[in-house]
1. Can you tell me which residues in the stretch 249-288 are farther than 30 Å from residue 364 by Cα, in a loop (DSSP other than H, G, I, E, B) and within 12 Å of the ligand (Cβ to nearest atom)?
2. Just to be sure I understand, how many residues within the stretch 265-290 are within 20 Å of residue 228 (Cβ to Cβ) and surrounded by fewer than 21 Cβ atoms within 10 Å (Cβ to Cβ)?
3. Suppose the filter is within 16 Å of the ligand (Cβ to nearest atom), buried (at least 21 other Cβ atoms within 10 Å of the Cβ), assigned to a loop (DSSP other than H, G, I, E, B) and not assigned by TED's automatic domain parsing to the domain that holds residue 380; does residue 212 pass it?
4. Applying the selection to the stretch 187-209, what residues are touching a residue at least 40 places away in the same chain (Cβ under 8 Å) and away from the ligand (no atom under 14 Å from the Cβ)?
5. Within the stretch 421-446, track down each residue that is surrounded by fewer than 17 Cβ atoms within 10 Å (Cβ to Cβ) and assigned to a helix (DSSP H, G or I).
6. Please enumerate the residues belonging to the stretch 289-330 that are within 23 Å of residue 377 (Cβ to Cβ) and either more than 16 Å from the ligand (Cβ to nearest atom) or not assigned by TED's automatic domain parsing to the domain that holds residue 128 (or both).
7. Pull up the stretch 215-237, narrow it to residues that are in contact (Cβ under 8 Å) with a residue 60 or more places away in the chain and in contact with a helix residue (DSSP H, G or I) (Cβ under 8 Å, 6 or more places away or on another chain), then point me to the one that is farthest from the ligand (Cβ to nearest atom).
8. Look through the stretch 408-418, keep the residues that are within 29 Å of the chain's Cα centre (by Cα) and part of a helix (DSSP H, G or I), and return whichever of them is surrounded by the most Cβ atoms within 10 Å (Cβ to Cβ).
Ligand SMILES: *Cc1c(COP(=O)(O)O)cnc(C)c1O
């Protein structure tokens, strides 16, 4: 008996499956005691999970039971208030819940033709963010998968503009000059995120890594020196608005002011930190961001959206569109119109309407709730930094600007940090992996979950005694 539509039609079987999945989702979203959890070795996981894929299915009940009892416990709960490593994720309940709706609704987020309603809502969020950062109302962009792809897409647009300008110049003048550099270059801080080097590798361009000050801030004089040295081969400068390792903001205003003397595209990588421009406490740190030609900020970091979402915004979206629109016979219907299609603004085509969870959450709670939650983490970071300075065995590496607090335990070597970190996770106490700076291992709290408390943090410090 064949039944090709079994997986798609509404039947008693599909009703039961949907109920199982939504009940699980509801419980997880409303749970306040989900354990931190931890990974297992591959062989152990394989043994526990057993074989789940064969010609006949094992059924939804069995499959979700494997997920609930074997797979999920082998995934660290990134929304745990004691997840303090890397950059944590803390989706608001509205955002996380709405992700279920996005999945259930078979939305296509790539074109206006197919997803106008979703694209409208995403664009309202992008316009709101652009206004918060002081960009003109004509600014716009797209939600892409993450800051890595956002940075790459922005830099590709920057180089495309420079190449177009160069070839226009060559056509206007006699072809003799040959001003094209043998290598294109992007200038950024030596403390910039690894995704800038990754983008440069993909683009086959060189990175000029400029040293930041001792405080971690990339300053205009250092950038000016690099621009003077490398001349017209520099097509873009990347300023970091909240470095990943320290949460330090570069001198955006000073770097932007160099545009008066040098011709470059200013890209602001605010994947982690730019969200803090929403907080009255930290807004001043981002002065100058309004001069960016492009910027990114990740909603899956400090804007409390689920994975995976990066807001990529261009000052002049037309430059992004020209660099990225894909052309083919089967796309002519989409590209021969002036409709706003998100696919056109980054190195991607098919896309989930991944900005909608943030839209729903912002619409639900209002921007004020975001400002308050972000401010609370900034304040908590400052408070725990004070506490670290008070404790005799601990040394603060740099005073925090945003929510990242980096400190050393006096007398510890890398092996001590590693053992301590493993103990914290094995005991299901906290997830704090070591980092390092200038060759010295350290401990690092990345604080952005509004449920993280001062007591959580001091209890972790107590384990270092
Ligand atoms: C996290 C981060 C990135 C990369 O973003 P993904 O979303 O992980 O790809 C880029 N830049 C900075 C400053 C970051 O903190």
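1. Scanning the stretch 249-288 gives a single hit, 250.
2. Here the count works out to 0.
3. So residue 212 fits the description; yes.
4. Those that are touching a residue at least 40 places away in the same chain (Cβ under 8 Å) and away from the ligand (no atom under 14 Å from the Cβ): 187, 203, 205.
5. 422, 423, 426
6. none
7. Step by step, filter the stretch 215-237, then rank; the result is 235.
8. Per the criteria, the residue is 417.
The values are calculated or read from the model by the stated rules, or taken from the named source; none is laboratory data. None of these values were measured; they are calculated from a predicted model. FYI the Cβ positions are ideal-geometry reconstructions off the backbone, even for glycines, and counts take in every protein chain you see.
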